[in-house]
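Here the structure comes first, spelled out in structure tokens, and everything after it is commentary.
The values are calculated or read from the model by the stated rules, or taken from the named source; none is laboratory data. Small disclaimer: the values here were computed from a predicted structure and weren't measured. Because the Cβ atoms are built from the backbone with ideal geometry, glycine has one as well, and the counts that use them run over all protein chains shown. Accessible surface is based on the protein model in full, side chains and every heavy atom, while ligands, DNA and RNA are left aside. Shrake-Rupley method; radii C 1.70, N 1.55, O 1.52, S 1.80 Å.
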Amino acid sequence: MGMHSFHYQNGSLHCEDVDLVSLADTHGTPAYVYSANTIRDHYGRLDQALAEIDHGIEYAVKANSNLSVLKLLVEEGSGFDIVSGGELRRVIEAGGDAGKCTFAGVGKTREEIEYALAEGIYCFNAESEEEVVFIDKVAGEMGKVAPVAFRVNPNVDAKTHKYISTGKSENKFGVDFASIDDAYARASKLANVRLRGLQMHIGSQLTSLQPFIEAVEKVAPLAVRLKDTYGIEFFSIGGGVGIVYDSALESGPTEWWSDQDEDQRPLTISQYAAGVVPVLKETGLKILLEPGRYIVGNAGVLLTRCLYEKKGSAKTFRIVDAGMNDLIRPALYEGHHDIVPLRESTGESSMVDVVGPVCETGDFFCQDRELPDFAPGEAIALLSAGAYGFVMASNYNSRPLPVEILVDGGEARVIRPRQTMDDILASEKSAMLS
Ligand code: LLP
């Protein structure tokens, strides 16, 4: 199951067996819609690709943290990579096991460390020695021993957008490769810390294999050395597997990673596995992965309705009811999202900018793009919006957060109702100057 989860049927775009035209009519726009079977399918593909090594998948909660999405992944057996106490709370609310959580991030607070220790997380992935010293102190006060791994910065160029590249020395992430042995040596002397693993993550939306191979080959010998010296049990290679954002629909979301037409895919999951598994197998360690985008990115779309067509002297603008506050990726990372009308195109097309209602020049979804025609009143879909979409949405311009809907076969379920202005105003009203 899961093939072509977003496809045209009887002239309208469907998610699995659900007609998105009627979904947009019923629930309004903007609306995020996710395909449950695509999420399951992607999880399964990755799990399968790694079958020959001892491994664990730690879904990166930051990519899409809706409780129902997490619940679905709990059911698949996933662990979770979290970056805040809030994300841990979400995993627990979704029925997940804290003992299968790794806790990343450069700025963990005392409250977050205490919470994670109390819940018994699998491991803190620490980003500095200072942090480990602090974790040791907090653990000591609680009469606990904290499981800790260091994140090593392998100084590898991930060749992705500079805002989502993390594995170079100039990035704030991890401990320099040259200092890592000393960091472990000093941490091994702390009384309330147990060295459990080694972690790395070189960036997000990587579309070639080479940086992964380079990083794994560089860091695997270190992981083995740490296993022999300190008895660490896991090596996490992070997330970062990129997805196809361009010409998404033609190939079908789950097909983008299939093994057909390998030459046309920038990086398939089996190529990824075939590249890294041989090196990882040699380490004899449990291998963890922290995929976010790969699992949910192509499993979601943002539905929005065209409000106006504005013909300027230089350009034609199609103004839609979603804005950069709903999906910030184009504005922040120059991210590309395919745009398709929900009613199957008649074949006519024209060069347009699709823009939102927010008062910012950066509030656009595409510029000078040849798009199939759609008219005011019609709904369209921004594709590949399942990762870093809703989670990065804000109330800028006092715009309520969109509804989130999960489709599973023929069922569509609201998994987060559209926010109301009353929701937005409640806490301020109770605190308002009198
Ligand atoms: N592990 C760590 C330590 C991370 O920092 C990240 C993502 C992941 C795993 C998951 O990476 P993924 O498999 O999703 O590439 N908002 C940006 C992406 C930020 C990624 C942050 N870290 C975007 O929309 O492109």
At the level of C-alpha centres, the distance separating region 278-333 and region 28-85, in angstrom, is 16 Å
Determine the alpha carbon to alpha carbon distance for each of 168/227; 71/189; 71/159; 162/189; 108/227 and list only those over 30 Å.
71/189; 71/159; 162/189
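How big is the charge dipole of the chain about its Cα centre, in debye rounded to the nearest 20, if each Lys and Arg gets +1 on its Cβ and each Asp and Glu gets -1 on its Cβ? All intermediate terms of the calculation are to be shown ahead of the outcome.
Numbers: 40 positive and 63 negative charges, 212 e Å.
Using only the charged Cβ atoms, the result is roughly 1020 debye.
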Using alpha carbons only: equivalent-ellipsoid semi-axes of region 268-319, gyration tensor based, whole Å
47, 13, 8
Describe numerically, in nm with one decimal, the distance between label points set 7 Å from Cα along Cα→Cβ at residue 111 and at residue 218.
3.7 nm
Based on the Cβ-Cβ distance of residue 93 and residue 130, what FRET efficiency does E = 1/(1 + (r/R0)^6) give at R0 = 35 Å, to the nearest 0.05?
0.65
Residue ranges of DSSP H helices in the chain that stretch 27 Å or more (Cα, own long axis) and have mean Kyte-Doolittle hydropathy of at least -0.5 are 210-230
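So how do 413, 305, 329, 186 rank on accessible area, 1.4 Å probe, biggest first, that is with the largest at the start?
Details: 413 160, 305 55, 329 10, 186 130 Å².
Ranked from most to least accessible, the order is 413, 186, 305, 329.
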Given H placed on each backbone N at 1.01 Å, which residues far from residue 378 in sequence or on other chains put an amide H within less than 5 Å of it?
306
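Could you sort 200, 324, 142 by their accessible area in this structure, using a 1.4 Å probe and putting the largest first? Write out the running numbers ahead of the final one.
Numbers: 200 5, 324 30, 142 65 Å².
Highest to lowest solvent-accessible surface, that is 142, 324, 200.
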antiparallel share of DSSP beta bridges within the chain, to nearest 5, in %, is 50 percent
Per residue, how many Å² of accessible area does the chain show with a 1.4 Å probe?
41 Å²
Taking amide H positions as placed in the peptide plane 1.01 Å from N, state which residues far from residue 288 in sequence (5 or more) or on other chains have amide H under 5 Å from it.
56, 235, 236, 237
Any residue on another chain or 5+ positions along whose placed amide H is under 5 Å from the amide H of residue 150 is listed here as 126, 197, 199
Could you pull out which residues in region 104-123 have an amide N less than 18 Å from a spot 7 Å beyond the Cα of residue 144, following the Cα-Cβ vector?
104-105, 107-123
Taking a ≥ b ≥ c as the square roots of the eigenvalues of the Cα gyration tensor of region 73-169, is the shape rounded (a/c under 1.5), prolate (a/b larger than b/c) or oblate?
oblate
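Please list 159, 311, 286 from largest to smallest accessible area, probe radius 1.4 Å, with all protein chains kept in place.
Values: 159 125, 311 145, 286 65 Å².
Reading off the accessible areas and sorting them downward yields 311, 159, 286.
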Could you work out the local net charge near residue 281, counting Lys and Arg as +1, Asp and Glu as -1, over the other residues with Cβ closer than 15 Å to its Cβ?
-2
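Need one number for region 105-289: average projected area of the convex hull over its C-alpha atoms, nm². Please report the intermediate quantities before stating the final value.
On the way: hull surface 45.1 nm².
Computing the convex hull of the Cα atoms and averaging its projections yields 11.3 nm².
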What does the charge add up to near residue 308, with Lys and Arg as +1, Asp and Glu as -1, over the other residues with Cβ less than 11 Å from its Cβ?
+2
Step through the residues of region 158-164 one at a time and calculate ³J(HN,Hα) from phi using the Karplus curve (6.51 cos²θ - 1.76 cosθ + 1.60, θ = phi - 60°), rounding each to whole Hz and writing x for Gly and Pro.
7, 6, 10, 4, 4, 6, 10
Computed FRET value (nearest 0.05) for residue 26 with residue 186, which takes r as the C-beta separation and R₀ as 56 Å:
0.40
Give me the log10 of I(q) over I(0) for region 149-230 at q = 0.15 Å⁻¹, as the Debye formula computes it from C-alpha points; what are the numbers?
-0.54
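Tally the DSSP beta bridges in region 105-289 and give the antiparallel ones as a percent, rounded to 5.
Values: 1 of 19 bridges.
If I count the DSSP bridges inside region 105-289, around 5 percent turn out antiparallel.
First select every other residue whose beta carbon is under 13 angstrom from the beta carbon of residue 385; then total the charges, Lys and Arg +1, Asp and Glu -1.
Details: positive: 293, 329; negative: 326, 338, 404.
Its environment carries a net charge of -1.
For region 311-352, just say rounded, prolate or oblate: build the C-alpha gyration tensor, square-root its eigenvalues into a ≥ b ≥ c, call rounded for a/c under 1.5, and beyond that prolate if a/b exceeds b/c, oblate if not.
Taking the square roots of the gyration eigenvalues as a ≥ b ≥ c, region 311-352 is oblate.
Take the Cβ-Cβ distance between residue 360 and residue 159 as r, set R0 to 35 Å, and report the resulting FRET efficiency rounded to the nearest 0.05. Before the final figure, lay out each step's value.
On the way: r = 29 Å, r/R0 = 0.83.
So the FRET efficiency works out to roughly 0.75.
Below 8 Å between Cα atoms, with a sequence gap of 6+, how large is the relative contact order for the chain in percent?
About 20 percent, as a whole number.
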Can you list the residues of region 342-359 with backbone N under 11 Å from a point 7 Å past the Cα of residue 370, pointing along Cα to Cβ?
349-351
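Over the chain, with every protein chain in place, what whole percent of the accessible area is carbon and sulfur at 1.4 Å, could you tell me? Don't jump to the answer; show the numbers that get you there.
On the way: 8720 of 17690 Å².
Percent of accessible area from carbon and sulfur atoms in the chain: 49.
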For the chain, take N as its residue count and report Rg(C-alpha) divided by 2.2 N^0.38 Å.
1.02
Could I have the simple spin-label model distance between residue 310 and residue 119, label points 7 Å from Cα toward Cβ, reported in nm to one decimal?
4.4 nm
At 7 Å along the Cα-to-beta-carbon direction for both residue 281 and residue 229, put a label point, then send me their distance in nm to one decimal.
2.8 nm
